[in-house]
1. Please indicate, with yes or no, whether at least one residue in the range 79-89 is under 17 Å from V25 (Cα atoms), out of contact with any Asp or Glu (no Cβ under 6 Å at 6 or more places or on another chain) and free of Cβ contacts under 8 Å to residues at least 40 places away in the same chain.
2. Among the residues of the range 165-177, write down those that are away from the ligand (no atom under 16 Å from the Cβ) and crowded, with 19+ Cβ neighbours inside 10 Å.
3. Please find, within the range 228-269, the residue that is nearest to the ligand (Cβ to nearest atom) out of those that are on the phi < 0 side of the Ramachandran plot and among the small types (G, A, S).
4. Out of curiosity, is Q586 farther than 26 Å from F158 by Cβ, part of a loop (DSSP other than H, G, I, E, B), in contact (Cβ under 8 Å) with a residue 40 or more places away in the chain and not assigned by TED's automatic domain parsing to the domain that holds G201?
5. Output the residue which, of all residues in the range 270-293 that are within 15 Å of the ligand (Cβ to nearest atom) and surrounded by 23 or more Cβ atoms within 10 Å (Cβ to Cβ), is nearest to G400 (Cα to Cα).
6. Please specify each residue of the range 470-487 satisfying the condition of being within 14 Å of the ligand (Cβ to nearest atom) and assigned to a strand (DSSP E or B).
7. What pairs come out if I take residues in the range 209-220 that are farther than 25 Å from T434 by Cα and pair them with residues that are in a strand (DSSP E or B) and hydroxyl-bearing (S, T, Y) whose C-beta lies under 7 Å away, six or more apart or interchain?
Amino acid sequence: MLQDTSFAIHPGHSKKLQNSDYHDVGNVLEVTETANGATIRCEFANIGIRFYRDDIVRVVMNAFGSVAWKTSPAVISEPNAVEVNVTQTDDAATITSSAIQVVLQKSPLRITVEDANGTVIVSESEKGMGYKPTKEVICYKEMTEQDHFYGFGEKTGFLDKRGDKLEMWNTDVYAPHNPETNALYESIPFFMTLREGKAYGLFFDNTFKSTFDLQSSTNSFSFGAEGGQIDYYVMAGPQPKHVLEQYTSITGRAPIPPKWALGYHQSRYSYETETEVRELVKTFKEKGIPLDVVHLDIHYMDGYRVFTFDRDRFPTVEKLIEELRADGVRIVPIVDPGVKEDPEYPAYAEGVRQDMFCKYLEGNIYFGEVWPGNSAFPDFTSERARKWWGEKHAYYTDLGIEGIWNDMNEPAIFNETKTMDLKVMHDYDGDPRTHRELHNIYGLMMGKATYEGMKDQLAGRRPFLLTRAGYAGVQRYAAVWTGDNRSFWEHLQLSIPMCMNLGMSGVPFTGPDVGGFAHDSNGELLTRWTQVGTFTPFFRNHSAINTLRQEPWSFGEKYEAIIKKYIQLRYTWMPHLYSLFAEANQTGLPVMRPLVLEYPTDEHTFNLSDQFMIGSNVIVAPILQPSVKHRVVYLPEGQWVNYWTDEVLEGNKHHLVEADLDVLPIFVKQGSFVAHGEAVSSTAFENETLTLHFYKSEAGRSEMVLYEDDGTTFAHENGEFLKLYVEANVEETNVKVSVRSDGSYTPAWKQIQLVVHSGRAEDNITIDSELNIEIINK
Ligand code: GLC
């Protein structure tokens, strides 16, 4: 019938529009110098170049209007005053700082970023940058055979992302998490490229769905987005560690977590009643298994209404929380963004009356189906809604709660697209944008609202926030767990490069669901996974409804004993881990690191996905397959000491290492320190003794900085911390150790021991310190 109407001549019926493909920006028409860079008018686009620091330059291309300098909320720093020089010839222009030269070839515009010596950092390939009439924007860069790629946030697959195509679109992926699963819960459009020992970073700050293609060509790669501008920052490195410092100088660093959040967390979808929670904690106590946190999943609520407790299931929740606290255990409840549509429910009624929910342009509230049924979603892109949401957390803090678990904040909705209608509008603090544009920052902004709200309510104590979704900068507010994995060995394997790349994306506080979330776990898998969990920055056992229970004792005594040993080991390592979190806060370096971060010129490390480092001197090489009791371990240059046996192993070599079920292979570099506390049953119970282990080398100088503070407040920001600068000098049989302390915090430990490993009986060990330190020569 339609054929009888004008529809018969619908333009869509004829052949494709001419010139519907990619256009580059064209020739340069004019270059104008600005305070921190330059603006460039091209035939088909406007470009802006702005230095943020001598070693960080931002490039913006707008193909449809003038350059917009507004950043996404990922960026928290303003450009520094950088001395910039602009020079021009007919063919080229150069914009230089003391560390970077941006060279513009004019016809057509192609941008090359070089270091101060003129060595190329990154250059555009033949195609340059441009757009499609669909408003997609793309930028093509050259790639050499030596290039390796790290970062990109939370992705499946191996460590080195060369050869992959990565999509950024926060997605609730219950299943599958496969090598071909591209978009997961977090989108961090940042990576670093390592080429012949040198690295640069590139952060593409575009919140639309974006794609990084390191697959389609062997000599170029591209990044692009469905809309917005090409807007990226080049960080000049030259070392991978510099890149992380540079990237986190603009997107921020993680606060030092409350110490309790570094303890062991037990979770389950769901511990449904107060009685069940009490029983659970009692069992941990009876069995002597350390525990700091119990998570409450959605069943704690009244009909899945956030900011409520079901009073039948949790009749005396205040008392429960108080009693557990006395046992050193805290409660972390889940809070999802969906607010149940129910006019008699205060959070909903208030949200509607005060105009806090996401709406269509035409004014009607957007509703989506989630656990509580039909629900409205706060517009976290608005300061007003964030404040409202933050204040609502007084409900939890008044009950004595100090940690929150944000889930479903992609946002996840039970429909075909898995998320909100892309036409929904966000206020974006008075600069309204569609959900299509801001989808990827919904979780980040919920994190901001929650973290800041909790911080206000807690009056000086540190909040803990766990999140599933996020964007660049998520580290400022939350720890990230890697969502709904399964109790598969394959998922244990993939969690390691995933967490390492999150670390390489500025997010230090990460971990998977230990034991696997969906599907049924088993004793061996849970044991091996707990061994890994001992050293993942976030350590939580979590499992899904209708799966086998997977508390540490669920699979019998044989496994329980080993699991207990490794949870205890986590507490033994606490002073060491805590110092690394303090380092992450200062430098942006992750706690859990790929070896390539420490050994960027060693090709064996480039794609090493089944080993990781804790800080700069400890290698963990877990067993990741069933029935396997040995594995190959790569040890880079230097000498390495087996943590369990003190056996010294030669570096620059692969070793075949035995590892019975109760052994997690750990190696410490000779000439370095490890700090230990005691295997207390919760971080609430203090260590009496601090033990500094010195893995002595034949000769030379070694140092470590041990960091300690009260673990719960922000007093450290006013100098109330303690740093121990530990240094050792070894010369033949003379081992001289000095320990100098700085800061006003008085630690809980009453004694310090120094254990010297690989020492000889004839060694003359001396200590220079105002502190009283006992020496043990092993
Ligand atoms: C989501 C979360 C999971 C949680 C469940 C119920 O699947 O990823 O961790 O247990 O929702 O709240």
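1. no
2. L166, M168
3. Filtering the range 228-269 for residues that are on the phi < 0 side of the Ramachandran plot and among the small types (G, A, S), the one nearest to the ligand (Cβ to nearest atom) comes out as S267.
4. No, not satisfied.
5. Step by step, filter the range 270-293, then rank; the result is V293.
6. Within the range 470-487, G470, A479, V480, W481, R486 qualify.
7. Once the first residue is farther than 25 Å from T434 by Cα and sits in the range 209-220, its partners that are in a strand (DSSP E or B) and hydroxyl-bearing (S, T, Y) give D213/S222; S220/S125; S220/Y140.
Conditions tested, residue by residue: (1) part of a helix (DSSP H, G or I); (2) free of Cβ contacts under 8 Å to residues at least 60 places away in the same chain; (3) not assigned by TED's automatic domain parsing to the domain that holds K696.
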| site | (1), (2), (3) |
| --- | --- |
| Y571 | yes, no, yes |
| F581 | yes, no, yes |
| V596 | yes, no, yes |
| S627 | no, no, yes |
| W640 | no, yes, yes |
| T645 | no, yes, yes |
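The values are calculated or read from the model by the stated rules, or taken from the named source; none is laboratory data. What you see is a predicted model; the values in this text were computed from it and never measured. For neighbour counting, all protein chains shown are included, and Cβ atoms are generated from backbone atoms with ideal geometry for every residue, glycine included.
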